[in-house]
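Engineer: Have a look at this one before I ask anything.
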Amino acid sequence: MLGKLFGIEFHEISMGAEKLFYLGPIPITNTILTTWVVMVLLVTLAFVVRKRISLIPGALQSIVEMVIETVYNLVKNIAGERVGNIIFPLIMTLFLFILTANWLGLLPGFGTITYHHVPIFRPPNSDLNTTLAMALITVFLVQVAGIAYRGLKGYLKEFVTPPILAPLMAPIHLVSELSHILSLSARLFGNIFGGDVVLTVIFVMLPPLIPAVFLLLESLFGLIQAIIFAVLSTIYFSMATAAHEAEH
């Protein structure tokens, strides 16, 4: 749909992702389409870097190695080397996906190229379904890690410690674990969606030079959001395995 601001037409920003077409009974939205684009870009980058890998790295390999090493050191410092080595592939994947999706959404064409008045491309993280899916996967694996490292008995012990307060502590602990889902998904969605709204309004109302400054700020903001999601996820894994690591 189209809206008007000060007599200027622009595309309305919808809280939910807009449907573009159907694959059988499955609706394909603009955020799903953009997610596929992000996946293709990351897989292509991985193949290109692997094909060109050498002892004397070129510019692309150096950049990739720097990013990987930075995230690995961050994960290792938070969760410890043993746990960090196990969860690093997941954290690295989440970081790269979120960062690529955030930066891709700043390119020209996002929100302006339309199909039947619906933007074809939309940042995946401006769709709560995307951020919620990542949060659910992360929190589920955190529980799996807690059970794997501490055993089922040790994992459930937190819900009933101290025993006299078990009826109170169990619901509190459960709510605490569920709040991690909200913390990861809502924060990322709210910040990216809000930034998308602000950029749309700024491009409509202000001269071209000013939006360019905001684009630079949004690119930095997109990086920060990817780091926050990765750090929080690592902290949750660290907390879930902390008792086991302390024993060693």
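Engineer: Just one of (1) surrounded by fewer than 21 Cβ atoms within 10 Å (Cβ to Cβ); (2) within 23 Å of S14 (Cβ to Cβ) trips up A148, so point out which.
Structural biologist: (2)
Engineer: Something else about it: Just the residues that are among the charged types (D, E, K, R) and either modelled with pLDDT of 80 or more or surrounded by 10 or more Cβ atoms within 10 Å (Cβ to Cβ) (or both), please, taken from segment 5-32.
Structural biologist: The answer is E12, E18, K19.
Engineer: Further, regarding this structure: Only one of (1) surrounded by 12 or more Cβ atoms within 10 Å (Cβ to Cβ); (2) in a helix (DSSP H, G or I) is not met by S62, so which one is it?
Structural biologist: Of the numbered conditions (1) surrounded by 12 or more Cβ atoms within 10 Å (Cβ to Cβ); (2) in a helix (DSSP H, G or I), the odd one out for S62 is (1).
Engineer: Is one or more of the residues making up segment 91-105 in contact with an Asp or Glu (Cβ under 8 Å, 6 or more places away or on another chain), of a type in the set (A, V, I, L, M, F, W, C) and in contact (Cβ under 8 Å) with a residue 40 or more places away in the chain?
Structural biologist: No - not one qualifying residue is present in segment 91-105.
Engineer: Continuing with this model, one more query. If you go through segment 148-161 one residue at a time, do you hit one that is at pLDDT 85 or above, closer than 30 Å to G194 by Cα and out of contact with any helix residue (DSSP H, G or I) (no Cβ under 7 Å at 6 or more places or on another chain)?
Structural biologist: No, segment 148-161 contains no residue that is at pLDDT 85 or above, closer than 30 Å to G194 by Cα and out of contact with any helix residue (DSSP H, G or I) (no Cβ under 7 Å at 6 or more places or on another chain).
Engineer: A follow-up question, please. State whether the residues of segment 94-105 include one that is β-branched (V, I, T) and either modelled with pLDDT under 95 or more than 20 Å from the chain's Cα centre (by Cα) (or both).
Structural biologist: So far as segment 94-105 goes, no, none of its residues is β-branched (V, I, T) and either modelled with pLDDT under 95 or more than 20 Å from the chain's Cα centre (by Cα) (or both).
Engineer: Let me ask another. Out of the residues in segment 73-126 meeting the condition of being polar (S, T, N, Q) and not in a helix (DSSP H, G or I), tell me which one is surrounded by the fewest Cβ atoms within 10 Å (Cβ to Cβ).
Structural biologist: T112
The values are calculated or read from the model by the stated rules, or taken from the named source; none is laboratory data. Not measured: the values here are computed from a predicted model. When we count neighbours, we look across all protein chains shown, and the Cβ atoms used for this are built from the backbone with ideal geometry, even at glycine.
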